[in-house]
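The values are calculated or read from the model by the stated rules, or taken from the named source; none is laboratory data. Values in this document were obtained by computation on a predicted structure and should not be read as measured data. Quick reminder, even Gly has a Cβ in these numbers, built from the backbone with ideal geometry, and neighbours come from all protein chains shown.
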Amino acid sequence: MDEKNALEDIQFIRKIINESKRSVIYSGKDYIFWGILVFIGMLATYIFVNVHFYFNYIWVWVVLIPIGWGYSLYNRARQKVKYPSTFVGKIISAVWGAAGVGMTLIGFVGTYSGTVSPNSIAPILCIIMGGAYFATGVAVESKWFRNLSFAWWIGGIVLLFVVSITGLLIMAFLMLAFQVIPGLIIYNKFKKEFVLSK
């Protein structure tokens with residue numbers, strides 16, 4: 001009887017994890033969208049500074065960040081209609097929601113107050129992203145996704161020593177390599193798996 005209960009518990013846990021992986025498929029769209037947005041913002045700011053086109057660069061982010069949040073909220077609402085929330089899915093959403101709020105506050109409030117220097121934003125964001133990737137990878141039992149956290153943390157360490165505008169360019173390409181491309185892989189891989197499993 002105990003063995004039967006243990007097997008049922010394992011099957012139940014596996015079901016929750018699989019449903020959470022399905023949730024991550026649609027979150028994969030968020031990774032792609034946010035990655036492209038931040039890439040555009042970092043690259044645009046880098047180019048503007050290098051061609052001496054000066055204005056208050058915060059306006060680049062005032063436009064891009066609300067677009068990202070709007071898309072994420074819209075995408076999340078669509079996801080809830082297709083797939084009911086699971087416990088692990090809620091944890092993943094909470095991790096990324098908290099990370100997003102933290103990064104937004106650092107970017108806007110931190111720089112406005114003068115507490116966070118513009119050169120510090122990119123490495124701090126990398127470190128926060130690393131934590132979010134690690135937690136998500138563990139939650140959905142994906143080693144390669146979890147290991148992306150190390151790329152983000154290493155990127156953060158490197159950027160802590162880059163005290164020039166070049167940091168923006170590095171951050172832009174980190175977003176492509178470790179946010180957009182993994183997002184595409186997640187979305188395509190899991191979409192195929194769940195289509196085949198239906």
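The table that follows gives values for the structure above.
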read-out: Qualifying residue in segment 14-27 (condition: over 17 Å from Asn188 (Cα atoms), of a type in the set (D, E, K, R) and either in contact with a strand residue (DSSP E or B) (Cβ under 6 Å, 6 or more places away or on another chain) or modelled with pLDDT under 90 (or both)); value: yes
read-out: Residue within segment 152-164 that is hydroxyl-bearing (Ser, Thr, Tyr) and within 19 Å of Leu176 (Cα to Cα) present; value: no
read-out: Residue satisfying all of: in segment 165-198; small (Gly, Ala, Ser) and either buried (at least 18 other Cβ atoms within 10 Å of the Cβ) or at pLDDT 90 or above (or both); nearest to Asn119 (Cα to Cα) among these; value: Gly167
read-out: Qualifying residue in segment 125-144 (condition: basic (Lys, Arg) and either surrounded by 19 or more Cβ atoms within 10 Å (Cβ to Cβ) or closer than 22 Å to Phe33 by Cα (or both)); value: no
read-out: Filtered residue count, segment 163-182, keeping only those that are among the small types (Gly, Ala, Ser), under 14 Å from Val38 (Cα atoms) and touching a residue at least 40 places away in the same chain (Cβ under 8 Å); value: 2
read-out: Among (1) more than 22 Å from Thr86 (Cβ to Cβ); (2) hydrophobic (A, V, I, L, M, F, W, C); (3) surrounded by fewer than 20 Cβ atoms within 10 Å (Cβ to Cβ) - the single one Leu159 does not satisfy; value: (3)
read-out: Some residue of segment 100-121 being within 19 Å of the chain's Cα centre (by Cα) and surrounded by fewer than 14 Cβ atoms within 10 Å (Cβ to Cβ); value: yes
